[in-house]
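Q: Pasting a structure below so you can have a look.
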Amino acid sequence: MRVSHYINNPGNVIADNYTTKVLHGSNSLLFHQTLPGYKPTPLVALPALAAKYGVGQIYVKDESHRFGLNAFKSLGAVYAIHRLLEEDPGLQTFCTATDGNHGKAVAWGATLFGKRSVVYVPRDTTQNRMKAIETQGAVVEKVNGNYDDACAHAENMCVKHGWQLVQDMAWEGYEKIPADIVAGYMSLFAEMENTIHTLPRASVDMVFMQAGVGSFAAAGVFYYLRRYGLQRPAIIIVEPWEADAVFASFNHGGITTSPGNASTIMAGLNCGTPSLGAWELLKNGTDVALKIDDEYARRAVRELYYPGNDDQRITSGESGAAGLAGFLAIMDQQGPEEVRNMLGIDQHTRVLFISTEGDTDKEVFDEIIRTT
């Protein structure tokens, strides 16, 4: 199985730009706590899994419990919609492009405020994912292209019909809404304050975060840089082999599009180009970027679903388990020894993963757990 790595030399500073100004001025957790059904998602310790891989402790933040939507994405979408409606209560239709969970979150957020939603998906999106978005009240249409093509189509349709675009991908001239989405994701990390996030140092040594366009990972980088500065945990970014937007950009020295064929079971990470609003944060706060084969994701899903000893079972989808998948790739006998040594992984290391989704595509998930 393939794994490739990029060891970064981060500046460990928070750049002064539009996105970081929004993040400094936001407290999305106060808003999320007012929503019906809000409760912090579980933080689960897995000592048996830690012992299996020879580390001190493994923690998993399980986002499958978020607002009954089986994924973390609702945090960003609903906060951005809330901010838009504060400025213009007359908005009626919200539109986005998605590989699955973000579209479902936009549909849920729009419905929560009594508004309409239209969601465009790439051509390889499964019927299960499309139906899940439709159940939240959206009109869903498939685009004959990849994720980037769907984003372009959604933008064009918003211009044509006067709809409001709610995309988690930022580009020149479109930064405000993606910045609010990143701010919404901050609630996930803030919920762990005074548990494994304590002052003056986190109670974990490294955090693995998966990346599509990079908005979620950017929220994590901002949180750790602002809270801990140089005392932050090591941050490792994980992507699919064929959708390595962030990895490719590190190698390129700036934002670029992945040369991969966009074929991966990690549908939520199947994005070709990093978000403009995420890139500076990732560049300044990432220690290692990984791209991995899909088989590592399958292994990670099974590790969480079939726990050892008394560890709690976690139902994590292919994208949700990607952080753990990156860890498995590093710890593989044929994995990158250079990365293990650089990170100093040993029997005392404490590792945090965020399972960003549950079994959001039941058919794919069931196929994975049937294979042992």
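Nothing in this text is a laboratory measurement; each read-out follows from the coordinates by a stated rule. It should be emphasised that the depicted structure is a prediction, and the values quoted were computed from it without experimental measurement. Glycine also receives a Cβ, built like all others from the backbone with ideal geometry; neighbour counts cover every protein chain displayed.
Q: With P(r) over Cα pairs in 20 Å bins from 0, in percent as the read-out, I listed [x] 23, 53, 23, 1; [y] 28, 55, 16, 0; [z] 32, 61, 7; which label goes with the value calculated from this structure?
A: Label [z] holds the value from this structure.
Q: Another question, if that's okay. If the chain between ARG313 and LEU30 were fully stretched, how many nm would it gain, using 0.36 nm times the residue separation less the Cα-Cα distance?
A: Numbers: separation 283, 0.36 × 283 = 101.88 nm, distance 3.01 nm.
Length difference between fully extended and current span is 98.9 nm.
Q: Residue-wise, which Karplus ³J(HN,Hα) couplings in Hz belong to segment 24-37, taking 6.51 cos²θ - 1.76 cosθ + 1.60, θ = phi - 60°, and x for glycine or proline?
A: Rounded to whole hertz, the list is 4, x, 10, 9, 5, 4, 4, 5, 4, 5, 8, 7, x, x.
Q: Ordered by packing density, taken as the mean number of other Cβ atoms within 10 Å over each peptide's residues, highest first, how do 15-21, 88-94 rank?
A: Descending mean neighbour count gives 15-21, 88-94.
Q: Something else: Please find the FRET efficiency linking THR111 to TYR306, where r is the Cβ-Cβ separation and R0 is fixed at 35 Å, and quote it to the nearest 0.05. Display every interim value, and only then the final one.
A: Values: r = 36 Å, r/R0 = 1.02.
With R0 = 35 Å, the Cβ-Cβ based efficiency is 0.45.
Q: Packing-wise, with mean Cβ within 10 Å as the measure, how do 29-37, 260-268 rank, highest first?
A: Ranking the peptides 29-37, 260-268 by packing returns 260-268, 29-37.
Q: Helix-derived [θ] at 222 nm for the chain: sum -39500 (n - 2.57) over DSSP H runs of at least 4, divide by residue count, nearest 500?
A: So the helix-based figure for the chain works out to -12000 deg cm²/dmol.
Q: Further, regarding this structure: Taking Cα centroids, how far is segment 1-79 from segment 226-289 in Å?
A: With segment 1-79 and segment 226-289 each reduced to a Cα centre, they are spaced 15 Å.
Q: Among 334-345, 307-318, how do they line up by average Cβ neighbours within 10 Å per residue, starting with the highest? List each step's numbers first, then the result.
A: Numbers: 334-345: 14.7, 307-318: 18.2.
So the order, starting with the most tightly packed, is 307-318, 334-345.
Q: Angle, helix 322-331 long axis vs. longest principal axis of the chain, Cα atoms, 0 to 90°, nearest 10?
A: It is inclined by approximately 20 degrees.
Q: Now for a separate question. Hey, what do the phi angles of segment 258-266 turn into as Karplus ³J(HN,Hα) couplings, whole Hz, using 6.51/-1.76/1.60 and θ = phi - 60°, x for Gly and Pro?
A: 4, x, x, 8, 6, 10, 7, 6, 7
Q: Let me ask you something else. Quick one: 3J(HN,Hα) in Hz for segment 12-22, Karplus 6.51/-1.76/1.60 with θ = phi - 60°, rounded, Gly and Pro as x.
A: For segment 12-22, the Karplus-derived couplings read 6, 10, 8, 4, 8, 9, 4, 4, 5, 4, 4 Hz, x marking Gly and Pro.
Q: Counting Lys +1, Arg +1, Asp -1, Glu -1, what net charge surrounds ILE369 among other residues with beta carbon under 13 Å of its beta carbon?
A: -1
Q: So if R0 is 30 Å, what FRET efficiency would ASN194 and HIS348 give, r being the distance between their Cβ atoms, rounded to the nearest 0.05?
A: Rounded to the nearest 0.05, the efficiency is 0.85.
Q: Using a 7 Å offset from the Cα along the Cα-to-Cβ direction at both ASN341 and ASN144, what is the distance between the two label points in nm, to one decimal?
A: Output for this residue pair reads 5.3 nm.
Q: Can you list the lysines whose alpha carbon sits under 23 Å from that of LYS39, skipping same-chain ones fewer than 8 residues off?
A: LYS61, LYS73, LYS104
Q: Taking a cut-off of 16 Å between Cα atoms, list the aspartates and glutamates near LYS176, but don't count ones fewer than 8 places away on the same chain.
A: Within the straight-line limit of under 16 Å, LYS176 reaches these aspartates and glutamates: ASP16, GLU86, GLU87, ASP88, GLU155, ASP168, GLU280.
Q: Here's another thing I want to ask about it. Straight distance only, please: which aspartates and glutamates reach the Cα of LYS142 with their own Cα at less than 14 Å, same-chain residues fewer than 8 apart left out?
A: Excluding near neighbours in sequence, the set is ASP99, ASP124, GLU134.
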